[in-house]
Amino acid sequence: MSPFGIAVLAVSMSVDAFAVSVGRGAAIGRPRVSEALRTGVVFGVIEALTPVLGWAAGVAASQYVAVVDHWIAFLLLAGVGVHMLWSAVRGGGGEDRNRGHSFIVLVATAIGTSLDAMAVGVSLAFLEVNIVTIAAAIGLATFLMSSGGILLGRLIGARLGRTAEMLAGVALCGLGMFILLEHLGVIA
């Protein structure tokens with residue numbers, strides 16, 4: 001795979017993490033740079049690991065991954081999305097907002113947005129590629145885009161925090177539904 005192809009793949013695998021991070025940054029309100037870096041690291045590491053796991057699964061496990069990945073993605077993304085919607089509508093205090101943005105929610109969101117990378121990893125098993133280079137590129141792109149997304153969300157958060165959190169929740173639910181419907185053959 002050419003360096004350009006790797007870059008395109010890395011950015012495309014990172015777009016959903018970027019969108020979620022913008023909403024997360026806006027919902028948190030005024031996240032610190034440390035929160036942006038923490039989000040970037042979690043999203044980047046998980047996004048880098050999932051294509052390696054998919055690649056390792058290879059041909060033998062591809063049918064099992066394909067059978068359940070859309071359900072896992074749907075449940076994780078929809079669950080986190082509904083939680084974000086509920087939190088935004090409720091408009092709870094600072095303690096509730098921090099709990100809604102806990103490490104567990106962050107990891108669940110990162111896993112939900114990275115399952116497509118696992119499927120890509122399975123397909124890469126059929127090609128002669130350096131999976132370590134590709135996974136590192138995906139992880140780095142995701143780290144940069146997620147950290148940047150948090151900081152961008154920070155800029156719009158003071159004015160649009162609850163609205164952005166609702167939109168991010170809807171986007172997560174929509175992304176989960178899209179993945180589910182696409183794998184079920186409803187959407188071509």
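A few remarks follow.
- Per-region count, segment 126-136, residues at pLDDT 75 or above and farther than 18 Å from V45 by Cβ: 2
- Odd one out for A56 among (1) over 20 Å from A108 (Cα atoms); (2) in contact with a Phe, Trp or Tyr (Cβ under 9 Å, 6 or more places away or on another chain); (3) open to solvent by 20 Å² or more (accessible area, probe 1.4 Å): (2)
- Output for segment 126-151, where each listed residue is surrounded by fewer than 22 Cβ atoms within 10 Å (Cβ to Cβ) and either under 11 Å from V52 (Cβ atoms) or of a type in the set (S, T, N, Q) (or both): N130, I131, V132, T133, A136
- In this structure, G25 qualifies as open to solvent by less than 10 Å² (accessible area, probe 1.4 Å) and either in a helix (DSSP H, G or I) or at pLDDT below 80 (or both).
- In the set (1) at pLDDT 75 or above; (2) open to solvent by less than 40 Å² (accessible area, probe 1.4 Å); (3) farther than 16 Å from G44 by Cα, the condition left unmet by D69 is number (1).
- For segment 90-110, the count of residues that are closer than 18 Å to F43 by Cα, at pLDDT below 80 and in a helix (DSSP H, G or I) is at least one.
- Test for G40: is it part of a helix (DSSP H, G or I), open to solvent by less than 20 Å² (accessible area, probe 1.4 Å) and at pLDDT 90 or above: yes
- Pair list, Cβ under 6 Å, 6 or more apart: segment 105-125 residue closer than 11 Å to L53 by Cβ and open to solvent by less than 20 Å² (accessible area, probe 1.4 Å), other residue part of a helix (DSSP H, G or I) and polar (S, T, N, Q): S114/T50; A117/T50; V122/S62
The values are calculated or read from the model by the stated rules, or taken from the named source; none is laboratory data. What you are looking at is a predicted structure, and each value in this text was computed from that prediction instead of being measured. Positions of Cβ are backbone-derived with ideal geometry, glycine not excepted, and every protein chain shown enters the neighbour counts. For accessibility, only protein heavy atoms count, side chains too; no ligands or nucleic acids. Shrake-Rupley method; radii C 1.70, N 1.55, O 1.52, S 1.80 Å.
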